[in-house]
Amino acid sequence: NLKTEILDWDDATLASVDAVIAGVSRFGELEFQKMKNLKLLCKTGKGVDSINLKMAEKYGIIVTNTAGSNADAVAELAICFMIAANRNIINRHNKIKEGTWVKGVPGFELAGQTVGFLGFGDIAQRTAKRLMNFSVNCLAYDILPNQKKALELAVKLVSLEQLLQKVDVLSIHLPNLPETYKFLNRDKFALLKPGCKLINTSRGQ
């Protein structure tokens, strides 16, 4: 029964652990000090932003991840969110639970819409591949654009400003880095079309 915060464990257990498979728990110097025998820390998924890598190196702890292990699941979830947002599914579901049948709430097909990817790495590419069956137009912006993949997946690479101005659905696929923290701000939101759907399957920050 692993708890969310590793420090919830008693000190004797912490001191006896040799390896940890980590989810969302944070790891820094305090955790490493208490886990005197820790040799390996494996993070599920790709991101290791919850782990202080400098401290791990200081205490001789090997850090690994499982990049790609949940990429298909996230790609499917992104499309699920797109459909739910376009069809007002959550709003309608909540109204029905309240006992209200609301008529005239518009729902829209994905077909014919423009979907934009903010970040065009592995998960965005897997999402784009699945969207090829939805008859959508796909745009992408990435600081290191993959021209070959974009051509293969019928995705047009554009500038950030063009992306924000043209999309009906904006799907965010950015890593959590100092340069991406609060990347979407008032000025960038102002470029989006009214009614644009915002899908975030990357880090909340």
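With θ taken as phi - 60° and the coefficients 6.51, -1.76 and 1.60, list the Karplus ³J(HN,Hα) couplings across region 46-52 in order, rounded to whole Hz; mark glycine and proline as x.
8, x, 10, 5, 8, 10, 7
Taking the alpha-carbon distance from Lys156 and a cut-off under 30 Å, which lysines remain once sequence neighbours fewer than 8 residues away in the same chain are dropped?
Partners within reach: Lys46, Lys129, Lys148, Lys166, Lys182, Lys188, Lys193, Lys197.
Under a crude label model (7 Å from the Cα following the beta-carbon direction), how far is Asn176 from Ile62 in nanometres?
2.5 nm
For region 116-185, which whole percent of the accessible surface, found with a 1.4 angstrom probe, sits on carbon and sulfur atoms?
For region 116-185, the apolar C and S fraction of the accessible surface comes to 55 percent.
Give the long-range amide H neighbours of Lys156: residues separated by 5 or more places, or on another chain, with amide H under 5 Å away, using H modelled in the peptide plane at 1.01 Å from N.
Those qualifying (amide H under 5 Å, at least 5 residues apart or on another chain) are Cys138, Leu139, Ala140.
So if a site counts as exposed when it's one of the GluC sites (Glu not before Pro), its DSSP state isn't H, G, I, E or B, and it has at most 16 other Cβ atoms within 10 Å, what's the longest stretch of the chain without one?
Result, exposed sites excluded: 6-97.
Under a straight-distance cross-link criterion of Cα-Cα below 15 Å, which aspartates and glutamates are reachable from Lys58, leaving out those fewer than 8 residues away in the same chain?
Glu29, Glu31
Relative contact order of the chain: what whole-number percent is it, with Cα pairs under 8 angstrom and at least 6 residues apart?
Relative contact order, the chain: 15 percent.
How compact and how long is region 73-147, expressed as Rg and Dmax of its alpha-carbon atoms in Å?
15.2, 50
The chain: longest stretch without exposed chymotrypsin sites (Phe, Trp or Tyr not before Pro) (DSSP loop, at most 13 other Cβ within 10 Å), sites themselves excluded?
1-100
Under the Karplus relation 6.51 cos²θ - 1.76 cosθ + 1.60, θ = phi - 60°, what is the ordered set of whole-Hz ³J(HN,Hα) values for region 166-178, x standing for Gly and Pro?
So the J values, rounded to whole Hz, are 9, 7, 8, 9, 10, 10, 8, 9, 10, x, 8, 10, x.
Report, to the nearest 10°, how far helix 71-86 tilts away from the longest principal axis of the Cα atoms in the chain, using its own Cα long axis and a range of 0 to 90°.
Taking Cα atoms only, the helix is inclined about 40 degrees.
Enumerate the amide H contacts of Arg26 below 5 Å, restricted to partners 5 or more residues apart or on another chain; note that Pro and chain-start residues carry no placed amide H.
Residues meeting the amide H criterion: Ile6.
How much FRET efficiency would the formula 1/(1 + (r/R0)^6) give for Leu7 and Gln205, where r is the Cβ-Cβ distance and R0 is 22 Å, rounded to 0.05?
Taking R0 as 22 Å, the efficiency between Leu7 and Gln205 is 0.50.
Under a 5 Å amide H to amide H cut-off, with H placed in plane at 1.01 Å, what residues pair with Asn65 once short-range neighbours are removed?
Long-range HN contacts for Asn65: Lys43.
Return the sequence-ordered ³J(HN,Hα) values of region 151-162 in whole Hz as given by the Karplus equation 6.51 cos²θ - 1.76 cosθ + 1.60 applied to θ = phi - 60°, using x for Gly and Pro.
For region 151-162, the Karplus curve yields 5, 4, 9, 6, 10, 8, 7, 9, 6, 4, 5, 4 Hz.
Please give me, ordered by residue number, the trypsin sites (Lys or Arg not before Pro) of region 46-115 that lie in loop per DSSP and have at most 12 other Cβ atoms within 10 Å.
Lys103
Between Glu161 and Asn91, take the C-beta separation as r, use R0 = 30 Å, and let me know the FRET efficiency to the nearest 0.05.
0.45
Let me test this: with uniform point scatterers at the alpha carbons of the chain, what is the Debye-based log₁₀ I(q)/I(0) at q = 0.09, 0.12 1/Å?
Result of the Debye calculation: -0.48, -0.76.
The values are calculated or read from the model by the stated rules, or taken from the named source; none is laboratory data. Note that the structure is a prediction, hence the values are computed from the model and not measured. So basically every Cβ, Gly included, is an ideal-geometry build from the backbone, and we count neighbours across all protein chains shown. Note: accessible area is taken over every heavy atom of the protein model, side chains too, but ligands, DNA and RNA are not part of it. Shrake-Rupley method; radii C 1.70, N 1.55, O 1.52, S 1.80 Å.
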